[in-house]
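Taking it in order: structure first as structure tokens, then the write-up.
The values are calculated or read from the model by the stated rules, or taken from the named source; none is laboratory data. Given the structure is predicted, the values throughout are model-derived calculations rather than measurements. Don't worry about glycine lacking a Cβ; one is built from the backbone with ideal geometry, like all the others, and counts go over all protein chains shown.
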Amino acid sequence: MEWLIVVGIIVVLAVIAGIYLWSTYNSLVTLKVRVDEAWSDITVQLKRRADFIPNLVSTVQGYATHERQVFENVTQSRAATLSAQTPAEASAAENRMQTALKSIFAVAEAYPQLQASQNFLSLQGELVDTEDKIQAARRFYNGGVREFNTKIQVFPNTLFVRRLGFTEREFFEVDEPAAIAEPPRVQF
């Protein structure tokens with residue numbers, strides 16, 4: 001009879017451990033999918049912005065043909081943004097893109113006819129909207145990464161989750177937070 005109680009306790013503990021492992025694994029999979037979805041949202045918005053860049057460059061270039069280096073920097077930044085695969089690569093590309101966009105808008109400030117162009121104003125409005133969407137997607141992604149990484153690092157999860165194939169994810173950070181605090185804007 002005594003051995004039956006011991007076996008019963010062992011079975012109950014095994015069931016509790018199994019339920020804990022099952023629920024932890026499922027919640028980690030859910031968080032991982034949420035982080036992947038958020039990263040996808042970021043890449044969509046970065047691609048959307050990159051799609052505006054050729055139109056913006058050609059519009060500004062029509063007025064400021066001698067600013068070749070600025071246009072080359074914007075084009076290179078666009079290519080880096082499109083080829084970024086990881087948050088670290090996207091972060092570096094984002095820093096370059098912000099600098100390039102500031103340069104192109106600085107050039108635009110010198111041309112009153114460009115500032116009055118409906119095409120330029122429309123592109124600028126779409127770019128500002130896209131920048132806002134990138135920031136929102138970035139916040140959602142980093143929030144998901146925070147939840148996911150926390151779930152991995154808490155005890156007792158830290159004892160077994162890496163063996164299940166879960167590793168911490170990178171945050172989408174920028175070197176100069178002030179550079180992206182506000183989207184590039186030109187005041188007319």
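Can you say whether ARG96 is part of a helix (DSSP H, G or I), charged (D, E, K, R) and farther than 30 Å from LEU28 by Cα, as far as the supplied structure shows? The answer is yes for ARG96.
For ARG49, only one of the following conditions fails: (1) modelled with pLDDT under 85; (2) assigned to a helix (DSSP H, G or I). What is its number? Unmet condition: (1).
When ILE180, ILE152 are checked against the criterion of being under 20 Å from LYS32 (Cβ atoms), of a type in the set (Val, Ile, Thr) and either modelled with pLDDT of 90 or more or surrounded by 16 or more Cβ atoms within 10 Å (Cβ to Cβ) (or both), a single residue qualifies: ILE152. Number of residues in the range 117-176 that are among the hydroxyl-bearing types (Ser, Thr, Tyr), in contact (Cβ under 8 Å) with a residue 24 or more places away in the chain and assigned to a helix (DSSP H, G or I): the value is 2. Report yes if VAL74 is touching a Phe, Trp or Tyr at 6+ places or on another chain (Cβ under 6 Å) and either over 20 Å from PHE140 (Cβ atoms) or touching a residue at least 24 places away in the same chain (Cβ under 8 Å) (or both), otherwise no. Taking the combined requirement at face value, the residue does not satisfy it. Of all the residues in the range 55-78, those that are loosely packed, with under 14 Cβ neighbours inside 10 Å and of a type in the set (Gly, Ala, Ser) number 1. When the range 77-93 is filtered for residues that are free of Cβ contacts under 8 Å to residues at least 12 places away in the same chain and either in contact with a helix residue (DSSP H, G or I) (Cβ under 8 Å, 6 or more places away or on another chain) or part of a helix (DSSP H, G or I) (or both), the ones remaining, listed by number, are ALA79, SER83, GLU89. Of all residues being surrounded by fewer than 20 Cβ atoms within 10 Å (Cβ to Cβ) and among the hydrophobic types (A, V, I, L, M, F, W, C) in the range 116-134, which is nearest to ARG68 (Cα to Cα)? Just the residue, please. Here the answer is LEU123. For the range 1-33, a residue qualifies if it is closer than 19 Å to VAL154 by Cα and either touching a residue at least 60 places away in the same chain (Cβ under 8 Å) or among the aliphatic types (A, V, I, L, M) (or both), and the qualifying residues are ILE16, ALA17, ILE19, LEU21, THR24, TYR25, SER27, LEU28, VAL29, LEU31, LYS32. With the structure loaded, tell me whether GLN113 is loosely packed, with under 15 Cβ neighbours inside 10 Å and not in a helix (DSSP H, G or I) or whether it fails that test. Judged against the criteria, GLN113 is not a match.
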